[in-house]
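The values are calculated or read from the model by the stated rules, or taken from the named source; none is laboratory data. Note that the structure is a prediction, hence the values are computed from the model and not measured. Cβ coordinates were reconstructed from backbone atoms using ideal geometry, including for glycine residues, and neighbour counts include every protein chain displayed. Keep in mind that these areas ignore ligands, DNA and RNA; they rest on the heavy atoms of the full protein, side chains included. Shrake-Rupley method; radii C 1.70, N 1.55, O 1.52, S 1.80 Å.
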Amino acid sequence: MNTIGAALVLLLAGTVLMLIQWVDIRREYTADAQAQARVIASSSAAAVMFGDAEGARETLAPLASVPAVRRAILHDNDSNPIASYPESVAGGPAAMGSPCGFDCAWVSAPVLLRDRQVGVVQLQIDMTRAHARLLGLGIAFCIASLVAYALAYPLMKRMRERVHGAEAQLRYLAHYDPVTRLHNRNAFNAQLESCRARGERMALIQLDLDRFKEVNDKLGHQGGDELLLQVGRRISGALGSEQYLFRLGGDEFALVLVGADAIARVHDTAESILGRFSAPFLVGGLSLGVTASAGISRWPDDAERLEELAANADIAMYCAKREGRNRVAVFEPRLREAQLARIGIRDALGQAIAAGQLELHYQPQVCARTGRLQGAEALLRWTHPELGTVPPSTFIPIAEEGSLIIELGRWVIAEACRQIAAWHGQGLGHVRLAVNLSMRQTRDEALPGFIDEVLDATGVPARCLELEVTESVLMEDTDLAVSQLARLRARGLQLAIDDFGTGYSSMAYLRRLPIDKLKIDMAFVQAVPGEGEAIATAILAMARAFGLSVVAEGVETAEQRDFFRHAGCQQLQGYFIGRALPAGTFASEWLEYPAGKEGLSVPSWDALPLAPR
């Protein structure tokens with residue numbers, strides 16, 4: 001069909017070209033003939049004026065040497081012929097003006113005498129040579145077209161093959177994922193629609209890799225793609241009949257199970273798939289321990305529309321992630337309600353800063369030996385006009401799911417520095433305040449520059465701002481954490497590890513961190529007296545070896561206070577010392593007492609023997 005189409009195009013183009021050329025050639029021939037007619041007319045004026053036939057014939061005689069002129073006639077204004085060429089014309093002079101066929105043409109020129117027309121000369125032009133010329137052009141065009149087609153055919157064939165290949169590739173990409181070679185989201189939607197149209201029951205397992213972004217950060221996207229390929233192969237090996245695997249995008253996979261038997265075993269199937277992640281993956285020469293979280297939703301039990309089926313499985317999957325990852329969660333209506341509530345809190349939290357609903361409360365940290373105030377930890381509080389007091393344990397995890405935690409963390413730092421400056425302006429001195437950094441903040445390259453701007457704007461010394469990072473956050477990416485903490489400590493900021501003892505950090509790891517202080521996790525503090533004593537004693541000994549000060553967080557009894565004071569802990573924090581208070585109350589109850597809060601710096605503290613620091 002392409003060849004026929006090309007031939008038709010060439011034929012049409014050749015026809016148009018020949019018509020154009022014929023018009024040009026005919027115009028050229030008639031123009032030459034008209035020039036000759038004008039020359040004859042200028043020489044025939046006297047012969048026409050006096051009816052001199054002999055003289056007129058002599059004027060026409062030179063036309064014998066012009067092969068293009070077939071016939072000629074010279075007559076007066078009354079159309080009376082005076083002479084003709086050749087002299088004997090079939091049909092007589094009247095035939096001279098008869099119509100021409102396709103092979104000839106008539107031209108004429110007026111015979112003028114002193115600008116007055118006295119006659120007309122007519123010439124019949126032979127167009128045979130014009131036809132031959134046109135035929136030659138047509139043959140040349142055909143030859144050129146054939147040569148061009150012969151040269152273009154291999155190129156056209158190659159282009160056609162490439163087009164067909166591209167079309168096949170597009171058809172493949174429309175239904176398959178190029179990284180894992182599994183069916184993609186389009187095929188997934190088609191599978192769900194097909195099952196729905198057939199009235200089949202089905203179950204959907206939506207699976208997402210845990211902390212996949214860290215693999216991309218460490219190994220690059222090529223390493224991430226290799227991991228996804230291996231994951232797809234490993235999951236595919238666990239599939240049975242009526243089970244269809246898809247890659248929906250990113251690190252998200254979906255498994256559709258069709259049939260009553262498969263649906264009945266959907267939870268066991270999901271657990272079996274997660275069990276296949278127990279063996280490490282080998283990517284780029286590195287052995288990677290990877291886990292996944294899965295959510296289950298059933299059709300039509302859990303959804304009335306296919307969109308709801310996928311959304312419900314997604315909700316269940318993120319519930320599994322929030323509950324600790326590497327587990328399976330089955331969709332329940334309460335999960336959707338909880339998700340909607342989380343979305344509502346997230347949206348409200350995004351407006352809380354501008355609406356002035358956030359404030360900081362300050363929990364004192366005192367010297368373990370004297371009870372004197374050493375500083376305070378700034379704790380974020382949120383009072384919503386409709387929801388009331390929203391606990392940090394509710395809104396902080398929601399903020400950490402997105403970039404909102406960055407804005408929230410920066411507000412806390414700026415507000416803490418503003419409060420330090422305000423107290424200093426009231427003559428209460430520079431109070432050291434500690435604020436917590438989230439995981440996302442420790443990866444925020446712009447954080448050191450932001451802190452510089454805040455300190456410059458408020459005039460607060462860097463030593464008055466202490467940053468606390470949980471041990472588990474530091475264990476996520478040690479190299480990045482060390483780099484970021486080093487940049488912050490170089491500015492004179494104090495750095496502390498919060499919740500120490502729960503992250504299983506090694507001593508070699510601890511020596512790399514540019515930190516000043518450890519905060520013993522309150523779980524160990526509250527286990528005193530009892531089994532927590534041994535762990536607390538070990539942490540204190542390790543801190544002394546590294547030259548770090550220690551804060552016992554969560555002190556709630558006199559026994560706990562006394563134990564850590566005897567054990568050589570430097571600072572105490574907890575309900576026994578003081579609860580977190582608004583800025584005004586904290587200032588009136590703590591900052592106006594140089595020796596600390598009344599009742600804490602009691603003589604019994606000084607009377608107790610102290611362990612060596």
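Consider the stretch 373-400 and keep the residues that are free of Cβ contacts under 8 Å to residues at least 12 places away in the same chain and part of a strand (DSSP E or B). The one that is nearest to I420 (Cα to Cα) is T389. For the stretch 352-363, the condition holds for no residue, the condition being that it is modelled with pLDDT under 90 and under 27 Å from the mean Cα position of the chain (by Cα). Of the helices (runs of 4 or more DSSP H) lying entirely inside the stretch 414-483, those carrying at least 3 residues that are under 30 Å from L510 (Cα atoms) and modelled with pLDDT of 90 or more are 447-458. Taking residues in the stretch 502-520 that are in a loop (DSSP other than H, G, I, E, B), and partners anywhere that are among the charged types (D, E, K, R) and modelled with pLDDT under 85, the pairs with Cβ atoms closer than 7 Å and at least 6 places apart or on different chains are T502/E471; G503/E471; S505/E471. When L495 is tested against (1) out of contact with any Asp or Glu (no Cβ under 9 Å at 6 or more places or on another chain); (2) open to solvent by less than 30 Å² (accessible area, probe 1.4 Å); (3) under 29 Å from E589 (Cα atoms); (4) not in a helix (DSSP H, G or I), exactly one condition is not met: (1). Taking every residue in the stretch 416-435 that is within 22 Å of L495 (Cβ to Cβ) and without any contact (Cβ under 8 Å) to a residue 12 or more places away in the chain and pairing it with any residue that is among the hydroxyl-bearing types (S, T, Y) and not in a helix (DSSP H, G or I), at least 6 positions away or on another chain, yields no pair with a Cβ-Cβ distance below 9 Å. Annotation: of all residues in the stretch 334-370 being in contact with a Lys or Arg (Cβ under 8 Å, 6 or more places away or on another chain) and outside any strand (DSSP E or B), the one that is surrounded by the most Cβ atoms within 10 Å (Cβ to Cβ) is A368. The residues of the stretch 498-511 that are modelled with pLDDT of 70 or more and exposed (fewer than 15 other Cβ atoms within 10 Å of the Cβ) amount to a single one, R511. Scanning the stretch 391-437 for residues that are within 16 Å of R463 (Cα to Cα) and either surrounded by fewer than 14 Cβ atoms within 10 Å (Cβ to Cβ) or more than 41 Å from the chain's Cα centre (by Cα) (or both) turns up I420, A421, W423, H424, G429, H430, V431, R432. When residues in the stretch 159-196 are screened for being under 17 Å from A310 (Cα atoms) and either over 26 Å from the mean Cα position of the chain (by Cα) or of a type in the set (V, I, T) (or both), 6 of them pass. For the stretch 315-324, the set of residues classified as open to solvent by 50 Å² or more (accessible area, probe 1.4 Å), among the charged types (D, E, K, R) and within 26 Å of the chain's Cα centre (by Cα) consists of R322 only. Kindly indicate the residue of the stretch 324-333 that is modelled with pLDDT of 85 or more and either of a type in the set (K, R) or not in a helix (DSSP H, G or I) (or both) and also nearest to I405 (Cα to Cα) among those meeting that condition. Filtering the stretch 324-333 for residues that are modelled with pLDDT of 85 or more and either of a type in the set (K, R) or not in a helix (DSSP H, G or I) (or both), the one nearest to I405 (Cα to Cα) comes out as R325.
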